[in-house]
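Accompanying notes for the structure given below.
The values are calculated or read from the model by the stated rules, or taken from the named source; none is laboratory data. Keep in mind that what you see is a predicted model, and the values were worked out from it rather than measured. Neighbour counts are summed over all protein chains in view; Cβ atoms, including those assigned to glycine, are modelled from backbone coordinates with ideal geometry.
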């Protein structure tokens, strides 16, 4: 059977984050995901099929099935705490769902700017390395389909990055400084150290 659900949000027009405040030099903070977050399961199912893997197989100390089906982490309380309870300006938010970093981040960027991301700036959860190895998935495709350990990206001014990171960590989030906003020359998202990330 299929079970589907949805929710509708309402926001004051003055509080909409449309990406217009994003500026060159801004910092990208990434919030750790708890797993695939309900996205990329067509690819995941195919990898399970071709690898003939058992869901009881151990990956990073837990059954593969548990790692793949970990409940999606919800960031709303932590983000609202910072946006409404501090003076830290948030220039943009990008929820890393289906499409990964490569397809979600461009939605919050002006056409003249790009996100430069250092893939060695966070430790990719082992379940994503397992999927990449078993499915022989190239690095670009990994970041076009899966969140690879980052479930939310926050764009803040560079001089507020440390404050934002500290506040979010105090709310229980695992936070990484994963990159910065640069002048766009070609692609909207530039992934650096891709091979090193895979080997981390």
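Tabulated values for the structure
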{"item": "Some residue of the range 51-58 being surrounded by 15 or more Cβ atoms within 10 Å (Cβ to Cβ) and over 18 Å from the mean Cα position of the chain (by Cα)", "result": "yes"}
{"item": "Which numbered condition residue 100 fails, given (1) in contact (Cβ under 8 Å) with a residue 24 or more places away in the chain; (2) at negative phi", "result": "(2)"}
{"item": "Verdict on residue 161 being assigned to a helix (DSSP H, G or I) and either in contact with a strand residue (DSSP E or B) (Cβ under 9 Å, 6 or more places away or on another chain) or within 14 Å of residue 191 (Cβ to Cβ) (or both)", "result": "yes"}
{"item": "Members of the range 155-200 found to be over 30 Å from residue 47 (Cβ atoms), under 13 Å from the mean Cα position of the chain (by Cα) and surrounded by 22 or more Cβ atoms within 10 Å (Cβ to Cβ), listed by number", "result": "155"}
{"item": "Subset of the range 62-88 (residues that are touching a residue at least 12 places away in the same chain (Cβ under 8 Å) and closer than 29 Å to residue 45 by Cβ)", "result": "64, 67, 68, 69, 70, 71, 72, 73, 75"}
{"item": "Selection status of residue 14, without any contact (Cβ under 8 Å) to a residue 40 or more places away in the chain, outside any strand (DSSP E or B) and loosely packed, with under 10 Cβ neighbours inside 10 Å", "result": "yes"}
{"item": "Elements of type helices (runs of 4 or more DSSP H) in the range 42-119, at least 2 residues being under 30 Å from residue 19 (Cα atoms)", "result": "76-85, 100-104"}
{"item": "Residue in the range 120-134 that is modelled with pLDDT of 95 or more, more than 25 Å from residue 55 (Cβ to Cβ) and buried (at least 20 other Cβ atoms within 10 Å of the Cβ) present", "result": "yes"}
{"item": "Selected residue [under 25 Å from residue 171 (Cα atoms) and surrounded by 15 or more Cβ atoms within 10 Å (Cβ to Cβ)] from 48, 64, 80, 28", "result": "28"}
{"item": "Filtered residues of the range 121-140 (kept if more than 22 Å from residue 184 (Cβ to Cβ), over 14 Å from the mean Cα position of the chain (by Cα) and either part of a strand (DSSP E or B) or touching a residue at least 12 places away in the same chain (Cβ under 8 Å) (or both))", "result": "126, 127, 129, 130, 131, 132, 134, 135, 137"}
